[in-house]
Amino acid sequence: MINIRRLAAAVTALFLVAAVEVAGAPPAAAADYVPITGSGSTWSQNAIDQWASNVEQYGMRVDYGGGGSTLGRNQFASGLKDFGVSEIPYGKDDGAATEARPPFPFAYMPIVAGGTAFMYNLEIGGRKVTNLRLSGDTVTKIFTNVITVWNDPAIKADNPGLALPARKIVPVVRSDGSGTTAQLTMWMAARYPQLWNAYCAKAGRKSNPCGITSLYPLIRGSAMTAQSGSQNVSGYVAQRTSVGTITYVEYSYAKNLEFPVAKIRNAKDYYIEPTAESVAVALLAAKINNNKNSPDYLTQDLSGVYAYGDDRAYPLSSYSYMLIPVDQENNKFKATKGKTLGDFSYYFLCEGQQQAKKLGYSPLPINLVQAGLEQVRRIPGVDVQNIDIKNCNNPTFSRSGKNTLAETAPHPDKCDRFGATQCTRGTGGAQAETPTTNNGGGGAKTPTGNGATPGATTPAAGSTAGTGTGSTGGGTTIDPDTGQVVGGAGAGTGGGDPALAVPVSVGLQLDPALKTALIALACVLLFALTVGPPLVARMTRRGDRR
C-alpha cells in the first residue's frame, strides 16, 4: 500500500528542487566550475560585481573583494588571489622599488574603459548645483589645497552663471593604495607638475619630481579628508551633511548615487563629462604597448589622451586591467580553476561589454577585445573557445574597424565652451537643471532622485533665487556672499531630500521569462502547501478506516 505521507513529502521535495533550479542554482552540467577569487580596483568594481552576478546562472562563482589596486597587485603576486585588477601596471608608482612582481608568468588583460570623475556635493541657497564646470588647473589647485573655497575667482571663471557660495571646499581623497589615485596623480604630474611637486614637498615627500603615487599625501591641518575605497569616498560626499565636498571616483558611482560630476575643460576649451562616448573619443589618443615580448604588453600610455584635440574628449579617460596567470600552473593557481577564469573572461570581453555604458563605463574597442581574447587562451586549464568577434555586439565595433561609439559621439553644445555662457543641464546621476542668468540652455528639465528639484531656481551669478534682489519668491532671504538661506519662511537647508550615503549596488536583472516562471512556480507551491496537507490528512483517514 502507498504511504501517502511519504508521497506527499516526495512531491513537496520535487517542488523545492524545481524552485532552486529555476531560481538559478548551478545546473549539473556546470558542476565542474571551481570557484575563483580576485581583488583590487574599486574603480572597476561595479562592472566586475555585475558580471560576476550575471555568470552565476552558468554555475560560475567569482568572488571579487575590491580593496584597491595596490592590494590587488600584492595579493595576486603573493598567490592569495587567482586574479587581480589594477589601473596601473607593476612598478609604475612611487612604491615601485619595494613592490614585488609575481614570481610566476602573468599577463595584463584590458577589461573595461571609463572616466575618473569628480563627484561633488554643492548647494546654493539650499538647492543642489548640478552643472559645475572646472578647468584642469582648478581641479589640481583644489586637490593641492591652493583653492580652498567654492567662490574662488578661478572657479567663478569656470562658472559664470552661478553665484558660488563662500563655503569651504573639503576634498575627499583615498586612504588606501588606489589605482584611481594613481590615475589622478599621473594626470596632475603630467599636466601641472609645478603645482603637484609643490604640494608633495609640503606633504613631506622627498622625491622631486613627485610623479605618480597610489597613496595620496595628506597635509595635517588642511580641510582634506581620506576614506578607503571608491564606495566610501563617494558615500561620504553623498551624505546630507557633506555639502562642500568633492572627490575623484569612477563615473559609475556618481550615476548610481544620483549625484552630479564636474564637467572638465579639455584641450579644445569645452567642458565635458565622462560619458561612454566622450571616453571612447579620448582613448583614440591612447598609446597601447603592442610589443608582445614586453612585460607590460597591452598597458597604456595616456599622455596623448590628456591633451587630445577633439572637442568631445574627456581628459581623464583610461582602461583598467585584469592580472591573470598564463602559460603554466603555479603553486597557487591550478589548471582546475582555469576553466572558470577563462569562461568568465570570455563573458566580460564580449557580452559583458554590452552593459558597460549602462553601468557608467565605456566598452572596450575591438583591438583590445581581440588582444584580450588572445590573452585568455594562455590561462592554464582554459577551455579554449573560438569566438566570432562579429557576434560580440559590442557598441564600439564596426565593419570598417573604426570605433563606432567614438565616430557617432555628439559634439558638445556651444554653452559648454569656456566663456560667458553656461549650460543648465545636470550631469552624472543628477539630470535636473541648474538655471543660470546667462541662459545657457543645454537640455530639458528632467526629474531626478538626487534631491534637486526639476526646474528649481538655483541662484545664478548676480542674482538670488526667485527675484534677483536677495529674496526668493516665497519671502526667503539669501546671503549673496555665501548663497545660504538666512531668514524668512524657507530658512534652513531646504532643497528636498538629498541622497544619503548608501552602498552602491548593481543587482542582477532577471530575464522576464524567468520572472514569469518563478511566479508560476510560486503559485503552484502556494497551492500545494495550502491544499496539500488537508488533502493528505483526508486520504490518510480514509486509508486508516480501511
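Over every pair of different alpha-carbon atoms in the range 258-312, take the mean of 1/r and invert it; report that Kirkwood radius in Å.
Final number for the Kirkwood radius of the range 258-312 is 12.6 Å.
Could you give me the ³J(HN,Hα) list for the range 381-395, computed from phi with Karplus coefficients 6.51, -1.76, 1.60 and θ = phi - 60°, whole Hz, x at Gly and Pro?
Calculated HN-Hα couplings, in order: x, 5, 8, 4, 10, 9, 7, 7, 4, 5, 8, 5, 6, 5, x Hz.
With a 10 Å radius around each residue's Cβ, average the other Cβ atoms per peptide and rank 284-295, 314-325, 374-385, 350-361, highest first. Could the numbers behind the result be given before it?
Values: 284-295: 13.2, 314-325: 26.4, 374-385: 17.4, 350-361: 21.2.
The peptides rank, most packed first, as 314-325, 350-361, 374-385, 284-295.
When the C-alpha atoms of the range 101-203 are aligned to their principal axes, what extent does each axis show, in angstrom, from largest down?
On the principal axes, the range 101-203 reaches 58, 32, 23 Å in Cα extent.
Ratio to report: Rg/Rh of the range 47-100, with Cα atoms as the point set and Rh obtained by the Kirkwood method; give two decimals. Walk me through the numbers before you get to the answer.
Values: Rg = 13.3 Å, Rh = 12.4 Å.
With Rg and the Kirkwood Rh in hand, the quotient comes to 1.07.
If amide hydrogens are placed 1.01 Å from N in the peptide plane, which non-local residues have theirs closer than 5 Å to the one on ALA107?
ILE324, VAL326
Determine ³J(HN,Hα), in whole Hz, for all residues of the range 79-87 in sequence, where each value follows from phi through the Karplus function 6.51 cos²θ - 1.76 cosθ + 1.60 and θ = phi - 60°; x replaces Gly and Pro.
Rounded to whole hertz, the list is x, 6, 10, 6, 8, x, 9, 8, 8.
Return the lysines within reach of LYS263: Cα separation strictly under 22 angstrom, same-chain partners fewer than 8 residues apart disregarded; answer none if there are no such residues.
Filter leaves LYS128, LYS141, LYS156, LYS168, LYS255, LYS357, LYS358, LYS414, LYS445.
Using all Cα-Cα distances in the range 189-241, what percent lands in each 10 angstrom bin from 0 up to the longest?
Spelled out bin by bin, the range 189-241 gives 21, 42, 30, 7 percent.
I'd like the Karplus ³J(HN,Hα) series for the range 185-201: coefficients 6.51, -1.76, 1.60, θ = phi - 60°, whole numbers in Hz, and an x wherever there's a Gly or Pro.
6, 4, 5, 5, 5, 7, 9, 9, x, 5, 5, 5, 5, 5, 5, 4, 4
Amide H of SER214: which non-local residues (sequence gap of 5 or more, or other chain) have their own amide H closer than 5 Å, using H built in the peptide plane?
Here ASP94, GLY95 satisfy the definition.
Given a 1.4 angstrom probe, I'd like the percentage of the accessible area of the range 94-215 that is carbon and sulfur, rounded to a whole number. Walk me through the intermediate numbers first.
Values: 2080 of 3890 Å².
So the carbon and sulfur contribution to the accessible surface is 53 percent.
Please report Rg (one decimal) and Dmax (integer) in Å for the Cα set of the range 270-361.
16.6, 52
Which three lengths, in whole Å and largest first, does the range 313-354 cover when its Cα atoms are put on their principal axes?
Reported extents, whole Å, longest axis first: 44, 21, 13.
Between LEU80 and THR241, what FRET efficiency follows from the Cβ-Cβ distance if R0 is 25 Å, with the result rounded to 0.05? Don't skip to the end; give the middle numbers.
Details: r = 37 Å, r/R0 = 1.50.
Calculated transfer efficiency: 0.10.
Around GLY66, which amide H atoms from residues at least 5 apart in sequence, or from another chain, sit under 5 Å from its own amide H, with H modelled in the peptide plane?
GLY40
In the range 173-241, if the dipole is taken from +1 on Lys/Arg beta carbons and -1 on Asp/Glu beta carbons about the Cα centre, which of TRP187, SER234, ILE219 is farthest to the positive end?
ILE219
Suppose each label sits 7 Å from its Cα in the direction of the beta carbon; what would the ASN386-GLU374 distance come out to in nanometres?
Distance between the two pseudo-spin positions: 1.8 nm.
At 1.306 mPa s and 10 °C, plugging the Kirkwood radius over alpha-carbon pairs of the range 326-399 into Stokes-Einstein gives what diffusion coefficient in µm²/s? Walk me through the numbers on the way to the answer.
On the way: Rh = 13.0 Å.
Answer from the Stokes-Einstein relation: 122 µm²/s.
For a protection proxy built on the mean count of beta-carbon atoms within 10 angstrom, sort 36-49, 154-167, 80-93, 329-342 highest first, please. Could you put the intermediate results ahead of the total?
On the way: 36-49: 26.3, 154-167: 20.2, 80-93: 23.4, 329-342: 18.2.
Ranking, from highest mean packing down: 36-49, 80-93, 154-167, 329-342.
For ASN330 paired with ARG220, estimate the spin-label separation in nm (one decimal), with each label point 7 Å from Cα along the Cα-to-Cβ line.
Placing both labels 7 Å along Cα→Cβ, they lie 4.0 nm apart.
If we restrict to alpha carbons, what Rg and Dmax does the range 330-371 come to, in Å?
13.1, 39
Over the Cα atoms of the range 167-303, what is the Rg over Rh ratio if Rh follows Kirkwood? The partial results should precede the final answer.
On the way: Rg = 16.4 Å, Rh = 16.8 Å.
Computed over Cα atoms, the ratio is 0.98.
Quick one: if you stick a label point 7 Å off each Cα along the C-beta vector at THR37 and VAL146, how many nm between them?
Here the answer is 4.5 nm between the modelled labels.
The values are calculated or read from the model by the stated rules, or taken from the named source; none is laboratory data. Computed from a predicted model, the values in this text were never measured in an experiment. Ideal geometry is used to build each Cβ from the backbone, glycine not excepted, and the neighbour counts take in all protein chains shown. In case anyone asks, the SASA skips ligands and DNA or RNA and just uses the protein heavy atoms, side chains included. Shrake-Rupley method; radii C 1.70, N 1.55, O 1.52, S 1.80 Å.
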